[in-house]
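Below is one structure; the comments refer to it alone.
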Amino acid sequence: MEIMTSLPTINPESYDFQVSHNNSLTSELFNQMFPGFLSFINPDCLFEIISFLSETHVNPRVLPKVIRGINNIMMGTGSGQVIVHVAKDFMNVSVRETDEEMKCKSR
């Protein structure tokens, strides 16, 4: 005779406590490794990025290229595109800045 068992119920308060506790420990570790770093970035965003990279195994080297591309556009005309091209197992990042609009005729 096979005994049916259900999955354990996760207490939401316990889960939230664990997430909060883990984030606190991670913040402390980051502050020791990179003093002052978390003063200009939301730790929750940083932990979310790390979690996504861990779950998906996407090459993290693409992130600096995207960030640099966005910064270059913002420092230039403020208008453009940062495009991540993906073809099977390869990807690259292209940055296209848009010049200001001008009339076709000079008159």
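Any read-out appearing in this document is the output of simple, stated calculations on the displayed coordinates, not a laboratory observation. Since this is a predicted model, take the numbers as computed values, not measurements. Virtual Cβ from ideal backbone geometry, glycine too; neighbours counted across all protein chains shown.
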Full-stretch length increase - Glu28, Lys65 - with 0.36 nm per residue and alpha-carbon distance subtracted: 10.6 nm
Computed [θ] at 222 nm, helices only, for the chain once each DSSP H run of length n ≥ 4 contributes -39500 (n - 2.57): -15500 deg cm²/dmol
Gain upon complete extension [Thr98, Leu53; 0.36 nm per residue less C-alpha separation]: 13.1 nm
Rounded tilt (10° steps) of 62-75 against the dominant C-alpha axis of the chain: 40 degrees
Computed magnitude of the charge dipole of the chain (debye, nearest 20; Cβ of K, R +1, Cβ of D, E -1): 900 debye
Distance between modelled label sites at Ser79 and Leu46, nm, 7 Å Cα→Cβ extension: 3.6 nm
Top of Leu25, Leu46, Leu63 by mean-square fluctuation, Gaussian network on the chain, Cα under 10 Å: Leu25
Between helix 12-33 and the chain: long-axis angle, C-alpha atoms, 0 to 90°, nearest 10: 60 degrees
Descending principal axes extents, the chain, alpha-carbon based, whole Å: 88, 44, 26
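How big is Rg to Rh over the stretch 59-99, alpha-carbon atoms, Rh as the Kirkwood inverse-mean-distance radius?
On the Cα set of the stretch 59-99, Rg over Rh gives 1.03.
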